[in-house]
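Quick notes on the structure that follows.
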Amino acid sequence: MKKSLILFLCLVMVTTAFLAGCSSTDEPEVAETQPAGEETTEAATEAPDTSNEPSGTLIVGITEASGNFNPLYYSSSYDGYVVDMVFEGLIALNFDGEYEGVIAKDWEYSEDGKSITFNMRDDVVFSDGQPLTAHDVVFTYLVLADPSYTGRYGSAVKDMVGYEAFYAGETDTFEGVVALDDYTVQFNFTEALRTNFSNTGYSILPKHYYGADYAVGNTAGVEAITTEAMGSGPYMIAQFRDKELVYLERNPLYSGEGYMIKEIILKFVDMTTDIVELTSGSVDLLAGVIEPTKIAEARNGGFSINSYNRSGYGYIKTNNEWGPTSEKAVRQALYYSFNVKEFVNSYYYDKDTDQVLASVQYHPFSQVSWAITDELLDSMIEYDFDLEKAKSILDEAGWTINADGYREKDGQVMELNIAAMPDHDILATLIPMWERDWGQGLGVKLNISYLEFNTILDYVIYNSDANVENWSLFFLATSITTPDPHSLYTTFHSDYIGSGNDNTSRYSNPTVDALLDEAKAIMDIEEAKPKYAEIAKILNEDAAMMPVYANTYFDLYNPKLVDFKTSSLYDWVSALKDAKIVE
């Protein structure tokens, strides 16, 4: 094992002993608000000339990775960080939000717009030295199209030629992705859709490694490879320690540009003490921080700070298939009796500047989405806190107060099973509000189950079919990697209800399904906007999801990390391409 990792593990033991005696009692505070769309860096340092050899170690604090580093099967964004460092795709978004070639040298469309042909670099190898070719690209998409595939990313191939016949078992050949030669690959689509190009950018798996046991109709061998990931990206996984860390080393065979930091350690930290880890030197970077007191402490401690509008938001999802929340009236009543503005104005308030670093939104789009218009915002129902209105909605829906003070309908007491993470700053504020307004105010019986993050993912994603009756609602947050509102497709289309899929609220509405299908086919975004506005209006009225906050993200880091530039659509992993460690 590397000497630096040994030293790091020793430091973990010392820091853990120190943190055991610490607790957070401060009320949240926030750093200075930035105008929409802007990104700033405080205490930034220009990097001096350094060696061309990768050097230095960066320790990043994250909540926890599950160890599923398979690009076709992971669900956690923390696992996704590792995937993005180990693997590469044909294309990727740059800092300006534009696609550029990674494995692809260039590409061209057919005259009818239904095919895209990529010319690939011939100097790329996987970390075991085997060349990355068009056949690896074909293999990757073959797995996504396979009828036995159980992951979340099957939507990438559903619009490709031959998918339906291949998935139905009518043929063993998938015509959607074809190797024209070793370094030329063609994607063939049934229609010229706006969304086609982005679907060509999935991480490429080495066929000789992941496909050793693969046969059409049997992807089990591919799915089984999780922690022992192999790609062509800038880093390799040297070690994964459950509940502790992921240790990555620079891939000596990496042939791309940048990524000059030699070692990356993802250390699992507790949300209640992560800022202490940063200020004490146990970690070098906390990305996407939202808590005001932490931001202020980092600012006052001389740490560098990048801030930008978050492409995503925190949200509450309700179970639209089972229990009381399967009723639209119940979801609306819960929304009206959840004082979202109280939470945002309190939690994100910065007493030093007298500003609030977050906003309330009622639509399902990212802050940087091109779907947002004034007309869209004006059409949204604003679920301003109104406890009496919520009571009235429940009364009219037949949920009346019984002799014990609980809401009841047809002999069934209204119970909400809330899946919550322990030691979570936001939930520590939200749950007392729900107990006050849903419990005492509405007369709803609340059952709070404190579950680990990965257990919640198992409930609502991995094994959701078996857990439908175990939960009523949960709070999580999402990061959206594109300004295209098509990101909603798998979140709300009924085709994606079920284990391993993205429709975690199990929302089903044929009208929304049809609109999502129509919208993705519109090439001109101005023409597509009205379709997405109609979708948002229905989701808003159905209370299919409750966005809680849209906020500013703050990346807090040690000034030894230089040339580190992040933005709404360019996260910290992407920013490592140009970053360096200067001790």
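The values are calculated or read from the model by the stated rules, or taken from the named source; none is laboratory data. Bear in mind that the values here come from a model prediction, so they are computed numbers and not experimental data. Neighbour counts run over all protein chains shown; Cβ positions are idealised from the backbone, glycine included. Ligands, DNA and RNA are excluded from the accessible area calculation, which covers all protein heavy atoms including side chains. Shrake-Rupley method; radii C 1.70, N 1.55, O 1.52, S 1.80 Å.
Would you be able to tell me the number of residues in segment 207-245 that are of a type in the set (A, V, I, L, M), in contact with a Gly (Cβ under 8 Å, 6 or more places away or on another chain) and in contact (Cβ under 8 Å) with a residue 40 or more places away in the chain?
Residues meeting the conditions: 1.
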Qualifying position, being aliphatic (A, V, I, L, M) and either surrounded by fewer than 20 Cβ atoms within 10 Å (Cβ to Cβ) or more than 19 Å from Lys389 (Cα to Cα) (or both), among Val330, Val344, Val340: Val344
Those residues of segment 414-434 which are among the acidic types (Asp, Glu) and over 23 Å from Tyr313 (Cα atoms), in sequence order: Glu415
The lone exception for Gln367 - which of (1) in contact with a strand residue (DSSP E or B) (Cβ under 8 Å, 6 or more places away or on another chain); (2) surrounded by fewer than 20 Cβ atoms within 10 Å (Cβ to Cβ); (3) in a loop (DSSP other than H, G, I, E, B) it fails: (2)
Any hit, segment 141-153, residues being out of contact with any Pro (no Cβ under 7 Å at 6 or more places or on another chain) and either free of Cβ contacts under 8 Å to residues at least 12 places away in the same chain or among the acidic types (Asp, Glu) (or both): yes
Tabulated pairs, segment 333-356, first within 12 Å of Thr293 (Cα to Cα) and of a type in the set (A, V, I, L, M), second buried (at least 20 other Cβ atoms within 10 Å of the Cβ) and modelled with pLDDT under 95, C-beta under 9 angstrom, 6+ apart or interchain: none
Residues that are under 26 Å from the mean Cα position of the chain (by Cα) and aromatic (Phe, Trp, Tyr), drawn from segment 375-390: Tyr383
Selection status of Pro147, touching a Leu at 6+ places or on another chain (Cβ under 7 Å), assigned to a loop (DSSP other than H, G, I, E, B) and modelled with pLDDT of 95 or more: no
Qualifying positions in segment 380-416 - open to solvent by 40 Å² or more (accessible area, probe 1.4 Å) and small (Gly, Ala, Ser): Ser392, Ala403, Gly411
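Going residue by residue through segment 89-101, is there one that turns out to be of a type outside the set (A, V, I, L, M) and open to solvent by less than 20 Å² (accessible area, probe 1.4 Å)?
Yes, because at least one residue in segment 89-101 is of a type outside the set (A, V, I, L, M) and open to solvent by less than 20 Å² (accessible area, probe 1.4 Å).
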Listing of strands (runs of 3 or more DSSP E) fully contained in segment 11-117 that carry 1 or more residues being farther than 19 Å from Ala287 by Cα and at pLDDT 95 or above: 55-62, 91-93, 99-101, 104-109
Lone qualifier among Ala428, Ala419 - being of a type outside the set (S, T, N, Q), under 19 Å from the mean Cα position of the chain (by Cα) and either open to solvent by 50 Å² or more (accessible area, probe 1.4 Å) or under 19 Å from Asp270 (Cα atoms) (or both): Ala419
Condition broken by Glu527, with the remaining ones in (1) open to solvent by 20 Å² or more (accessible area, probe 1.4 Å); (2) more than 30 Å from Ile264 (Cα to Cα); (3) at pLDDT 95 or above; (4) assigned to a loop (DSSP other than H, G, I, E, B) satisfied: (4)
Qualifying residue in segment 159-166 (condition: of a type in the set (Gly, Ala, Ser), crowded, with 21+ Cβ neighbours inside 10 Å and assigned to a loop (DSSP other than H, G, I, E, B)): no
